[in-house]
Amino acid sequence: MARGFRGLSASRFEDRPQRILRPVRPAFILLTLVIALVLNLLPWRSTVGIPDWVAIAIVFWGVHEPRRMGIGLAWALGVVMDAANGALLGQHALAYSVLAFASMGLSRRMLWFPVWPQAAHVLPLLLGSQLLMLLVRLAAGGAFPGVMYFAGSVIAAALWPLVSMLLLAPQRMPESVDENRPI
């Protein structure tokens with residue numbers, strides 16, 4: 001067996017068990033996006049460290065279902081967030097579109113890794129999205145909210161394993177067995 005850097009096995013990713021997941025239903029994706037939108041619209045936006053739930057959902061579905069989570073859907077969610085928050089129209093839409101594009105671009109790479117290294121990929125995506133929203137806000141004449149503005153992205157990346165476990169659970173459940181169905 002070939003040895004890689006520092007004696008690690010070159011085939012460490014092939015050695016771990018692979019699961020074949022059931023296909024996700026589009027209604028489940030829509031439900032999770034609506035729940036994320038509702039969580040974002042709760043009156044805790046002034047609280048420091050609350051993650052952007054819509055951004056987490058966009059990254060998750062962009063990575064796990066890139067053909068079903070599109071840039072247009074991310075843009076529409078951003079417009080809804082802008083209208084609901086009274087933010088500069090297009091601020092969230094631009095950031096969510098770029099976030100969806102980046103997460104779909106990294107999806108094949110990220111799925112090779114276990115959950116914690118995936119969280120390390122998610123952190124720069126979420127920080128970049130927040131930085132883009134901040135730059136749009138500053139360009140429009142807004143004030144800098146402080147460094148703690150980025151705490152939500154760090155907390156969201158730390159929550160990535162939990163989010164992955166919750167959203168992949170319906171795909172891992174065995175299908176009900178129909179005894180009358182021919183095999």
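The values are calculated or read from the model by the stated rules, or taken from the named source; none is laboratory data. Fair warning: this is a prediction, and the values are worked out from it, not measured in the lab. No Cβ is skipped: glycine too gets one built from the backbone with ideal geometry, and neighbour counts run over all protein chains shown. Remember, those area values only see protein heavy atoms, side chains included, never the ligands or the DNA or RNA. Shrake-Rupley method; radii C 1.70, N 1.55, O 1.52, S 1.80 Å.
Observations on the model:
- 13 Å cut-off, amide nitrogen to a point 7 angstrom out along LEU131 Cα→Cβ, residues in segment 138-164: 150
- Of the trypsin sites (Lys or Arg not before Pro) found in segment 60-129, those in coil by DSSP whose Cβ has at most 12 other Cβ atoms within 10 Å are ARG67.
- Surface accessible to a 1.4 Å probe, per residue, for the residues of segment 23-142, Å²: 50 Å²
- Annotation: peptides 127-134, 83-90, 98-105, 59-66, ranked by per-residue average of other Cβ atoms within 10 Å with the highest first, follow the order 59-66, 98-105, 127-134, 83-90.
- Using θ = phi - 60° in the Karplus curve 6.51 cos²θ - 1.76 cosθ + 1.60, the 3J(HN,Hα) couplings for segment 145-161 round to x, x, 5, 5, 4, 8, 5, x, 5, 5, 5, 5, 5, 5, 7, 3, x Hz; x is entered for Gly and Pro.
- Mean Cβ neighbour count within 10 Å, used as a protection proxy, ranking 161-170, 148-157 highest first: 148-157, 161-170
- Remark: segment 24-183 carries a charge dipole of roughly 240 debye about the Cα centre, counting +1 on each Lys and Arg Cβ and -1 on each Asp and Glu Cβ.
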